[in-house]
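The values are calculated or read from the model by the stated rules, or taken from the named source; none is laboratory data. This is a predicted model, so every value here is computed, not measured. With ideal geometry, Cβ positions are generated from the backbone for all residues, glycine too; neighbour counts draw on all protein chains shown.
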């Protein structure tokens, strides 16, 4: 697809469009050791080599051969309604993880979105990106996994999650950076689900073993983000957009 990318400023300076050499010894070893679930694809991108070093399963889920797919292609085939958010999430998440120096391999993030199959159809995916290798406190390789999930009910709200030793800080930083997008994190969704069941902020705080203020910080910003005026309106919005079951 060429080298044009819609990645953020940070990521596009670190990512190339070079596909993996699947005949390399390294790639052949990955094929033996990395397991895939049905309708799942995986890639590994090396920041040391500035290229993808492994890819598997992409023709099955998105129509691209494993020896032609690259990170920029995966990015550029995000459907328009999810592209800006997905690109910024990748950007901000990598920036946050790169600011850390310990336990980098324990960090990852997920997003529910749609990609365009090579045949032009839309494919619902849950995608997860994490640190695969780190050296001297720096990310040396990332691993991305995408799996088809036809049970996802998409509304206009994008859903994501952050994982790692500093999970709360990670998610809070993403929430701040992505505030202008119509999106919700896993922690915000968990708190909102309990609010919708009639639990008070204090009761929710006790359940999560955090302060009441911490729960308020998960719920109150949603009013402005989703342009709602009351808790009842927020809960109705959440059901209408498949945030809540």
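Descriptive notes on the structure:
- Selection from the range 218-238 of residues that are closer than 13 Å to residue 195 by Cα and in contact (Cβ under 8 Å) with a residue 24 or more places away in the chain: 218, 219, 222, 231, 234, 235, 238
- Residue check, residue 113 part of a helix (DSSP H, G or I), within 30 Å of residue 166 (Cβ to Cβ) and within 15 Å of the chain's Cα centre (by Cα): no
- One residue from 64, 54, 43 being closer than 15 Å to residue 126 by Cα, surrounded by 16 or more Cβ atoms within 10 Å (Cβ to Cβ) and either in the same structural domain as residue 122 (by TED's automatic domain parsing) or free of Cβ contacts under 8 Å to residues at least 12 places away in the same chain (or both): 43
- Yes/no for residue 215 being within 20 Å of the chain's Cα centre (by Cα) and under 28 Å from residue 99 (Cβ atoms): no
- For the range 200-219, residues that are in a helix (DSSP H, G or I) and exposed (fewer than 13 other Cβ atoms within 10 Å of the Cβ) total 2.
- Residue in the range 180-191 that is closer than 30 Å to residue 91 by Cβ, more than 19 Å from the chain's Cα centre (by Cα) and at pLDDT 90 or above present: yes
- Scan of the range 121-140 for residues that are surrounded by fewer than 19 Cβ atoms within 10 Å (Cβ to Cβ) and either in contact with a helix residue (DSSP H, G or I) (Cβ under 7 Å, 6 or more places away or on another chain) or farther than 15 Å from residue 58 by Cα (or both), ordered by number: 133, 135, 136, 137, 138, 140
- Note on the range 21-39: residues that are within 18 Å of residue 131 (Cα to Cα) and either in a loop (DSSP other than H, G, I, E, B) or touching a helix residue (DSSP H, G or I) at 6+ places or on another chain (Cβ under 9 Å) (or both) total 3.
- Listed by first and then second residue, the pairs linking a residue in the range 116-129 that is on the phi < 0 side of the Ramachandran plot and at pLDDT 95 or above to a residue that is assigned to a loop (DSSP other than H, G, I, E, B) and buried (at least 20 other Cβ atoms within 10 Å of the Cβ), with Cβ atoms under 9 Å apart and 6 or more places separating them unless they lie on different chains, are 117/64; 118/64.
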